[in-house]
Amino acid sequence: MKTLLVVAHPRQESLTGALGRTFAETLRSRGHEVEWADLYAEKFDPVLGPDDEPDWDDADKVYSPAVLAEMRRIERNEATVMIFPVYWWSTPALLKGWIDRVWNNGWAYGARKFPQRRVWMIALAGGDRALFEKRGYDRAMATGLDIGILDYCGVAEHRLEILYGALEGEASVAAILREGRRLADEF
């Protein structure tokens, strides 16, 4: 399978970057092709301007060259995996802006649905599972990301995984990387 791996973290040597590399290496070891997309390193512009604003009356709108290039990058892959840290119970603004601009009306939803059957989101949470469950953050993220984006866009095989304890020390970091390998094996 050809997979687009989208990583959204300002530091390549972060745990998010390490998890992305672990996921990619595991996929490659299983015979998959991986295309790496580091939105920060690529300096993707997340600001939705008039050229990329959805036109509800025109499902065939031609978007900006930057967005068309991202759409083609997705289309040349069979699946997408997004790996990111949890910022305010959601994605970093850069990743949200990528989705806002690229996953657009007439291409990802509306007259047509997202062009891939499988999209996963893997979120790294600093806190532990109990904190997220106590306040309902996990359910809020599932509603906003898994249902509100992936399901809305008609992705048949969508999944949100939240990996907890990113700020809890070396043992937790090792557990997160093991979980990343396990998820890639499932992918």
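How many residues are more than 20 Å from Ala130 (Cα to Cα), without any contact (Cβ under 8 Å) to a residue 12 or more places away in the chain and either touching an Asp or Glu at 6+ places or on another chain (Cβ under 9 Å) or not in a helix (DSSP H, G or I) (or both) when one looks only at region 157-187?
The qualifying residues number 0.
Considering region 87-105 alone, what residues qualify as being modelled with pLDDT under 95 and of a type outside the set (S, T, N, Q)?
Scanning region 87-105 gives Tyr87, Trp88, Trp89.
Take Asp55 and decide whether it is over 18 Å from Met121 (Cα atoms) and either outside any helix (DSSP H, G or I) or hydroxyl-bearing (Ser, Thr, Tyr) (or both).
yes
Give all pairs with beta carbons closer than 8 Å in which a residue from region 75-88 that is closer than 18 Å to Pro10 by Cα meets a residue that is surrounded by fewer than 20 Cβ atoms within 10 Å (Cβ to Cβ) and of a type in the set (S, T, N, Q); count only pairs at least 6 apart in sequence or on separate chains.
Pro85/Ser14
Please identify the pairs in which a residue from region 106-131 that is in contact (Cβ under 8 Å) with a residue 12 or more places away in the chain has its Cβ atom under 7 Å from the Cβ atom of a residue that is of a type in the set (Ser, Thr, Tyr), counting only partners at least 6 apart or on another chain.
Here the result reads Tyr109/Tyr152; Gln116/Thr80; Val119/Thr80; Leu124/Thr16; Ala125/Tyr164; Gly127/Tyr164; Asp128/Tyr164; Arg129/Tyr164, each pair linking region 106-131 to a residue that is of a type in the set (Ser, Thr, Tyr).
Mind telling me which of the residues Tyr152, Tyr164 ends up being surrounded by fewer than 18 Cβ atoms within 10 Å (Cβ to Cβ) and either of a type outside the set (Asp, Glu) or farther than 18 Å from Val81 by Cβ (or both)? Give the steps one after another, and end with the answer.
Values: Tyr164 fails: surrounded by fewer than 18 Cβ atoms within 10 Å (Cβ to Cβ).
Answer to the check: Tyr152.
Residue by residue through region 11-52, note down the ones that are under 21 Å from Asp100 (Cα atoms), in contact (Cβ under 8 Å) with a residue 40 or more places away in the chain, out of contact with any strand residue (DSSP E or B) (no Cβ under 9 Å at 6 or more places or on another chain) and assigned to a loop (DSSP other than H, G, I, E, B).
Asp45, Pro46, Val47, Leu48
So is Val102 among the β-branched types (Val, Ile, Thr), farther than 20 Å from Gly20 by Cα and either in contact (Cβ under 8 Å) with a residue 24 or more places away in the chain or touching a His at 6+ places or on another chain (Cβ under 9 Å) (or both) or not?
yes
The values are calculated or read from the model by the stated rules, or taken from the named source; none is laboratory data. Computed from a predicted model, the values in this text were never measured in an experiment. As a convention, Cβ positions derive from the backbone with ideal geometry for all residues, glycine included, and neighbour counts pool all protein chains shown.
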